[in-house]
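Okay, so here's the structure we're looking at.
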Amino acid sequence: MEAIAGLSKESSPATGEYGVYFYCNDRLVARALKTFEVGFTKGFAGVPHPKVSLTRVIVSLNGDSRDMPWNSSKSDISTKHHIFTSLHDWLLQVVKYYASLSRNWMGEWPEKVFEYPKGNIIDVRVDDFPAVKKTYLPPLPKSRIKFSDVVTQINKVTSKKKPWTRGLYEGVIAAELIGKLQRLEQKNRIALIVLDSTLEIGFKEYLVHESGEGYGEKRLVEIFNNRMMVHSEIKKHTKKKISKETWAKVEYYYFLRNKLVHEKATVSISDDQVDSYLEVVELILQRLFKIRFAPK
């Protein structure tokens, strides 16, 4: 018996090419099995899902035809056959391992998996499958905690005391998520607009709830009809909280946002510009509201 297990170099959730393959005497008997007998069930690999669609295990059996765990028509695997039951416990653990790896790295497959079309297979000899207690698999890498979950958790107390802050840090979360969507060609433009809108709303929330000065509806409308007036009003209350360099960046990205919204030609926004503005917005929200942001 020989088995090769790992992550495939492409995802195939639509065609279902992932799962467990059985060859008996060089004949493909079962293709892309995703049944509970091979581990696709709760507690192991989980039910079939695009998240685990890189999982692939190829089992090759060679020997007397009477010992092959195939059915009478040699068109499928008999899961009650003694050879299959001997492999069963080991197979469940291997499938679970690579399904977990596929799931943990989803969203990073191009960098973590597809970038490496070649590799070295590690050979491990197993003399007695029914008795084997180890899968000989390396420790699973720690799954990365989502930025959104961390930010939400560390601001839980703040958002209870100051409910107006929740929409602000969620705006940053939204911009960060948009920036990672590879399928959106204009993701940076959208992210920049979301960031600037979040910052402007943050300025309004600060004046209303944090400044200690009473702002009526009429006065707020007057101030927010002109973004530079907004900046001037915020500066009155935050002289030592926000540096001139930071304000210069805020104004630069505000004018860049205006070009996107108002000018005929579409301005190109780079990843670096979005990342830079993200840092600025996070810094200002931290200084104004004590909102905390986790490292990415």
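The values are calculated or read from the model by the stated rules, or taken from the named source; none is laboratory data. All values derive from a computational prediction rather than experimental measurement. Methodologically, a virtual Cβ is constructed for each residue, glycine included, from the backbone with ideal geometry; neighbour enumeration extends over all protein chains shown.
Details
- In the stretch 79-92, the residues that are under 19 Å from Asp64 (Cβ atoms) reach residues that are modelled with pLDDT under 90 with C-beta atoms within less than 6 angstrom, at least six apart or across chains, in these pairs: Ser86/Phe129; Ser86/Pro130; Leu87/Phe129.
- Among residues of the stretch 281-295, those that are out of contact with any Ser or Thr (no Cβ under 9 Å at 6 or more places or on another chain) and assigned to a helix (DSSP H, G or I), counted: 2
- Some residue of the stretch 267-280 being over 29 Å from the mean Cα position of the chain (by Cα), part of a loop (DSSP other than H, G, I, E, B) and either acidic (Asp, Glu) or at pLDDT below 95 (or both): no
- Unique match (being closer than 30 Å to Tyr252 by Cβ and either among the hydroxyl-bearing types (Ser, Thr, Tyr) or part of a helix (DSSP H, G or I) (or both)) among Asp196, Asp89, Asp149: Asp196
- Residue in the stretch 182-241 that is surrounded by the fewest Cβ atoms within 10 Å (Cβ to Cβ), counting only those that are modelled with pLDDT of 90 or more and of a type in the set (Ser, Thr, Tyr): Ser232
- Whichever residue in the stretch 242-260 is among the hydrophobic types (A, V, I, L, M, F, W, C) and part of a helix (DSSP H, G or I) and, among such residues, is modelled with the lowest pLDDT: Leu260
- For the stretch 5-30, filtering for residues that are over 22 Å from the mean Cα position of the chain (by Cα), free of Cβ contacts under 8 Å to residues at least 12 places away in the same chain and over 14 Å from Pro69 (Cα atoms) leaves 1.
- Number of the condition not met by Pro117 [criteria: (1) closer than 14 Å to Ser8 by Cα; (2) in contact with a strand residue (DSSP E or B) (Cβ under 8 Å, 6 or more places away or on another chain)]: (2)
- If only residues of the stretch 46-77 that are surrounded by 12 or more Cβ atoms within 10 Å (Cβ to Cβ) and among the acidic types (Asp, Glu) are counted, the one that is farthest from Leu7 (Cα to Cα) is Asp67.
This table checks each residue for (1) on the phi > 0 side of the Ramachandran plot; (2) acidic (Asp, Glu).
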| site | (1), (2) |
| --- | --- |
| Lys9 | no, no |
| Gly16 | yes, no |
| Tyr21 | no, no |
| Glu37 | no, yes |
| Val52 | no, no |
| Ser60 | no, no |
| Gly63 | yes, no |
| Asp67 | no, yes |
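- The numbered conditions (1) in the same structural domain as Phe40 (by TED's automatic domain parsing); (2) touching a helix residue (DSSP H, G or I) at 6+ places or on another chain (Cβ under 6 Å); (3) within 30 Å of Pro69 (Cα to Cα) are all true for Leu137 except (1).
- Annotation note: Cβ proximity below 8 Å between a residue of the stretch 57-69 that is over 22 Å from Lys34 (Cβ atoms) and a residue that is of a type in the set (Val, Ile, Thr) and surrounded by fewer than 22 Cβ atoms within 10 Å (Cβ to Cβ) (sequence gap 6+ or interchain) occurs for Asp67/Ile83.
- Residue within the stretch 183-191 that is closer than 23 Å to Thr158 by Cβ and among the hydrophobic types (A, V, I, L, M, F, W, C) present: no
- Strands (runs of 3 or more DSSP E) wholly inside the stretch 1-75 that include at least 1 residues being out of contact with any Gly (no Cβ under 8 Å at 6 or more places or on another chain), under 22 Å from Val124 (Cβ atoms) and modelled with pLDDT of 90 or more: 2-7, 19-24, 55-61
- Among the conditions (1) at pLDDT 75 or above; (2) of a type in the set (A, V, I, L, M, F, W, C); (3) surrounded by 12 or more Cβ atoms within 10 Å (Cβ to Cβ), the only one that Val157 does not satisfy is (3).
- When Ile4, Ile83 are checked against the criterion of being in contact with a Pro (Cβ under 9 Å, 6 or more places away or on another chain), under 20 Å from Phe129 (Cα atoms) and of a type in the set (A, V, I, L, M), Ile83 stands alone in meeting it.
- Selection of first residues in the stretch 182-193 that are in contact (Cβ under 8 Å) with a residue 24 or more places away in the chain and in a helix (DSSP H, G or I) and of second residues that are exposed (fewer than 13 other Cβ atoms within 10 Å of the Cβ) and charged (D, E, K, R), restricted to Cβ pairs under 8 Å at least 6 apart or on distinct chains, gives the following pairs, ordered by first then second residue: Asn188/Asp271.
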